[in-house]
Amino acid sequence: MSERQLTGGCQCGAVRYAIPAPTKGVHLCHCRMCQKAVGNYFAALAPSPRDQITWTRGAPQVFRSSTAAARGFCAACGTPLTFEYVGRSSMHVTVGSLDDPSAVVPDMNFGVESRVATLAKMAEWRDEKTDAARINELFPGYRGFQHPDHDTEQWPEATP
Ligand SMILES: [Zn+2]
Ligand SMILES: [Zn+2]
């Protein structure tokens, strides 16, 4: 029986992975170490059994952030990719590095002692969409170098 697989990777495409879709344990961690590691208000993390993570291209570089934990990231572009407690049978991948971050649903906030209070007001903030037309106007010939949200045979793509 084949489990549903989720794929993901870093922004530049040097590191790609596949994990079984998690059915529980997806969470936001607001702890100060996660804030620092992802450069954000919180880390969104999805668990996988360690032996079921497949590195389909490259592998993360690892920073040991404490005696208990290690964090993987792409050495080429810096995308935070994993969190793990050393010696445990599970690892987490960052939700934002999944090809489809909406494929998993968090159900818990962890590390709430350092949760930034202003986040509670997020729903009140002004919403604005990315304006692709405006980007093309401001940067004529605009081209993104982010890896697409699916596996590729070759990246960067060969230019014709
Ligand atoms: Zn990368
Ligand atoms: Zn944390």
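Since every read-out is calculated from the coordinates, none of them should be taken as a lab result. These numbers were taken from a predicted model, which means no experiment stands behind them. Cβ: placed from backbone, ideal geometry, glycine included. Neighbour counts: every protein chain shown.
Things to note:
- Neighbour-limited loop hits for trypsin sites (Lys or Arg not before Pro), the stretch 74-150 (at most 14 other Cβ within 10 Å; DSSP other than H, G, I, E, B): R88, R126, K129, R143
- Once the Cα-Cα distance is subtracted from the 0.36 nm per residue extended length, the A133 to F63 segment shows a gain of 21.3 nm.
- Applying a DSSP loop filter and a limit of 10 other Cβ atoms within 10 Å to the chymotrypsin sites (Phe, Trp or Tyr not before Pro) in the stretch 67-160 leaves W125, Y142, F145.
- Here the stretch 5-110 is assigned +1 on the Cβ of each Lys and Arg and -1 on the Cβ of each Asp and Glu. Its dipole about the Cα centre then comes out at about 320 debye.
- Of the residues F63, H147, C77, the one whose Cα sits farthest toward the positive end of the charge dipole of the chain, with +1 on the Cβ of Lys and Arg and -1 on the Cβ of Asp and Glu, is F63.
- Extension gain (nm, one decimal) between Q146 and C77, 0.36 nm per residue minus Cα-Cα: 23.8 nm
- Value of relative contact order over the chain, rounded to a whole percent, pairs C-alpha under 8 Å and six or more apart: 28
- Calculated FRET value between D51 and D107, using beta carbons and R₀ = 22 Å, to 0.05: 0.35
- Prolate/oblate/rounded label for the stretch 5-110 (Cα gyration tensor, a/c 1.5): rounded
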